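The values are calculated or read from the model by the stated rules, or taken from the named source; none is laboratory data. Note that the coordinates shown come from a computational prediction; the quantities given were computed from them, not determined experimentally. Positions of Cβ are generated from backbone atoms using ideal geometry, with glycine treated the same way; all protein chains shown enter the neighbour counts.
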Amino acid sequence: MSHSWSTKEHKNSNAPTAAGQKRPRNDGGNKVTVVLGAQWGDEGKGKVVDLLATEADYVCRCQGGNNAGHTVVVDGKEYDFHLLPSGIINPKSISLIGNGVVIHLPGLFEECEKNEKKGLKGWEKRLIVSDRAHIVFDFHQVVDGLQETERQAQEGKNIGTTKKGIGPAYSSKASRTGLRVCDLLGDFKDFSTKFKNLVHQYQTMYPSLVVDEEGQLKKLKEYAERLRPMINKKIIN
């Protein structure tokens, strides 16, 4: 998906209408706009959010992961988003990744770095991540692929998942065995034990699953320090 707009072309909501009248201001309180998709994302939620973000103080994402995405073009520059809310482009807007989102940390930082090279600036100061969001681990992605293979063998068809680990991560969340950002930022020894227990749980179900536990834990510890400044920021001035 792609959408293009220019900051120069944006019209303020109080600009005169065709009849020469000004649109009424909403001064009665805070205004909240919700973009809710009725399908699987293909209806273009990202495009709509991107347009609305030009006037938003906060853009909050409440669910999903990096299994899909969309492209927007702003002032001739193209940006690709999978986890980041579209509002991250707006220098006056705060972007929030909420607790209902499942986050693949390598994917998040790779996305930030790629868009930074394309011109995205100051995203670290404007991005807030909920410490209650669940984490998508690399082995979740492997399990996603194994499940697809299993479905194909047993039923002759599969779901067509993007194999980004979203389904298995939500399954871990639902079964209360998943790990959240707050677990990662807390006692790392305790986190490591829970991580290994979760790995062993999946290896029981999928004996072919091989996980470099120590290697992944080392990387996760590094991601934790990069992520820490984005947690529990004050979002109200």
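A few comments on the model shown:
- Verdict on Pro91 being in a loop (DSSP other than H, G, I, E, B), outside the structural domain of Gly160 (by TED's automatic domain parsing) and at pLDDT below 75: no
- The one condition in (1) more than 17 Å from the chain's Cα centre (by Cα); (2) closer than 23 Å to Gly44 by Cβ that Leu146 fails to fulfil: (2)
- Taking each residue of the range 189-200 that is in contact (Cβ under 8 Å) with a residue 40 or more places away in the chain and looking for partners that are of a type in the set (Gly, Ala, Ser) and in a helix (DSSP H, G or I) with beta-carbon atoms closer than 9 Å, six or more apart or interchain, yields Leu198/Ser172.
- Residue selected from the range 143-165 under the condition among the acidic types (Asp, Glu) and either at pLDDT below 85 or outside the structural domain of Tyr206 (by TED's automatic domain parsing) (or both), by the criterion farthest from His104 (Cα to Cα): Glu155
- Candidate set: the range 69-87, residues that are surrounded by fewer than 23 Cβ atoms within 10 Å (Cβ to Cβ) and aliphatic (A, V, I, L, M); chosen: the one nearest to Val35 (Cα to Cα): Val72
- When residues of the range 106-141 are limited to those that are over 30 Å from His200 (Cα atoms) and more than 16 Å from the chain's Cα centre (by Cα), the one surrounded by the fewest Cβ atoms within 10 Å (Cβ to Cβ): Lys117
- Counted residues, the range 48-60 - those being within 16 Å of the chain's Cα centre (by Cα) and either within 12 Å of Val34 (Cβ to Cβ) or surrounded by fewer than 19 Cβ atoms within 10 Å (Cβ to Cβ) (or both): 4
- Residue count, the range 61-75 (criterion: among the charged types (D, E, K, R) and either under 10 Å from the mean Cα position of the chain (by Cα) or not assigned by TED's automatic domain parsing to the domain that holds Gly100 (or both)): 1
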